[in-house]
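Below is one structure, written out as structure tokens; the observations come after it.
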Amino acid sequence: MSTLTPTAPRQETPSMPVTVRIPSPLRPLTGGASSVACGAGTVREVIDQLEAAHPGFQERIMKDGALRRFVNVFVAGQDVRFAEGIDTVVADGQEVTILPAVAGG
Amino acid sequence: MTAATTTQTPAGTSGCTAAGLRCKECGDTVPLTAAYACELCFGPLEVVYDDQAVAARATRERIAAGPPNLWRYRDLLPCAPEDPWSGLPTGLTPLIRAPRLGERLGLRDVWVKNETANPTHSFKDRVVSVALQKARELGFEVAACASTGNLAGAVAAHAAAAGMKAFVFVPADLEPGKIVSAGIYGATIIAVDGTYDDVNRLCMELAADRPWAFVNVNVRPYYSEGSKTLAYEVAEQLGWTLPDRCVVPVASGSLYTKIHRGFGDLLGTGLVDAGPVPVMNGAQAAGCSPVAGAWSAGRDFVAPVRPDTIAKSLAIGNPADGVFALDVARATGGAIDAVSEQEIVDGIALLAETTGIFTETAGGVSTAVLAKLAREGRIDPDERVVLYITGDGLKTLDAAAPLVRPHVIEPTVDAFVAAVGA
């Protein structure tokens, strides 16, 4: 189901990659993969990495430097709006989930 | 059932009047599939209709000749069963004049839409009827949902009636009555250690990889259309007129915005005479009031909150339609208000004592907001107001239990007289 692609360690000490879970609308951009691996950083930096690997990714979830209003991002299950928003830090091994904000109720 | 009720299809059209799904954010359109978020901008998708087909078919006479359930409005819905008399009959709940409630509040024309009269005792039967009808048309065999309780029961019951499997996901701290009243229908219940918003996130992740109809995720555009029937019915029950004002609870904001949309449909099709759209007052519990908070702060975005309220059926901290609810409040001259836990309990008691209707906590929220509007002089006493009571108090007995203290006596007349003085 998931196609986790390990990333090369950025530093000398090996680190666990960050796993980004990809929502269905964006899977065409990731070759159908439901999750991809990135290095740690802020949510913004993670999205930059995704854009570099999968051009067009950023525009789909961001507008004018901010997350689009119907995009929710969770780091380790927590809505980033309860943390530092797009500047929330994603540590080694954590999972980032991107989801539409249009369900429930 | 009779010739008069056979669907009359205008030449050139067939089946339902729905034409596609359109993104409310960017306007992109897609076919009528199990899609819920725009592929371009993630905005919510909404059903759009063939206006000409709707105008040609939706008449007062055809509605009146339809079945005594929500499918009488099938020309204004995205789907309908071949036999609209079949299935678990939902809707056509009583609209009750409430003079004693009005008198307590200094209002002269208050009505209560009693949704506790639905098959599983909440308005959720409406949205589920539509969602699962469309789900079956799309080929789904399994129904699922993220629920604060009432939806779980509705999905479980309608799935049972339709012979579908059901998986319902609820927060683990839900009222026991709501868990039992879903499980009894044979649904698999998943109690998630987290808030409703956690449950919702989990369901979105699961929906992406399973061929299941999550009624409020991948078939949500159809599901939410069911709430429009709460506008149609009230208008029909008022002799095809619109009320001046409605008080509606707000959780995700879907019900509130779709009732408004339903009134718009009635004006657009000419089913009611031209006139103002009702003022829409939204009701939230202060312990989970992201939309009321945005409204009072004058914001046009809704910041999520962590819910802490007895009104568990309204405990959505991250409401999907929150921004659209703000739009409706602004457009109609309404507002979104929040009330305290004590006001909620007082609201349950006020409604019960004056109308004979026992509502769950969400109805206590709505009643309390109506009382607040009246107290603050924000309603003209002569306005025709409809209070939407969306669920049954028997499902949230714990909330009302402190209000009731029986007299425990020996089985003697003297003991009775001593206890009550009568």
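The values are calculated or read from the model by the stated rules, or taken from the named source; none is laboratory data. Model, not experiment: these values are computed from the prediction. Using ideal geometry, Cβ is built from the backbone for each residue, glycine included, and neighbour counts are taken over all protein chains shown.
Some points to look at:
- Residues in the range A:69-105 that are within 11 Å of another protein chain (Cβ to nearest Cβ) and in a loop (DSSP other than H, G, I, E, B): A:69, A:70, A:77, A:101, A:102, A:103, A:104, A:105.
- Helices (runs of 4 or more DSSP H) within the range B:335-407 that include 2 or more residues in the same structural domain as residue B:230 (by TED's automatic domain parsing), under 27 Å from residue B:323 (Cα atoms) and in contact (Cβ under 8 Å) with a residue 60 or more places away in the chain: B:361-375
- Summed over the range B:208-234, the residues that are over 21 Å from residue B:71 (Cα atoms) and either surrounded by fewer than 24 Cβ atoms within 10 Å (Cβ to Cβ) or touching a Cys at 6+ places or on another chain (Cβ under 9 Å) (or both) give a count of 6.
- In this structure, residue B:171 qualifies as in contact (Cβ under 8 Å) with a residue 60 or more places away in the chain, within 14 Å of chain A (Cβ to nearest Cβ), surrounded by fewer than 23 Cβ atoms within 10 Å (Cβ to Cβ) and under 20 Å from residue B:312 (Cα atoms).
- The condition of being surrounded by 21 or more Cβ atoms within 10 Å (Cβ to Cβ), touching a Pro at 6+ places or on another chain (Cβ under 9 Å) and either modelled with pLDDT of 95 or more or within 14 Å of chain A (Cβ to nearest Cβ) (or both) holds for residue B:278.
- Residues that are of a type outside the set (Asp, Glu), modelled with pLDDT of 95 or more, loosely packed, with under 10 Cβ neighbours inside 10 Å and more than 42 Å from the chain's Cα centre (by Cα), drawn from the range B:383-422: B:411, B:412, B:413
- When residue B:43 is tested against (1) in contact with a Lys or Arg (Cβ under 6 Å, 6 or more places away or on another chain); (2) within 28 Å of residue B:214 (Cβ to Cβ); (3) away from chain A (no Cβ under 14 Å), only condition (3) is not met.
- The set of residues in the range A:66-104 being over 22 Å from residue B:325 (Cα atoms) and polar (S, T, N, Q) consists of A:78, A:88, A:94, A:97.
- Set side by side, the residues B:273, B:197 differ, and just one is in a loop (DSSP other than H, G, I, E, B) and of a type in the set (Asp, Glu), which is B:273.
- Some residue of the range B:16-32 being at pLDDT below 95, among the aliphatic types (A, V, I, L, M) and in a loop (DSSP other than H, G, I, E, B): no
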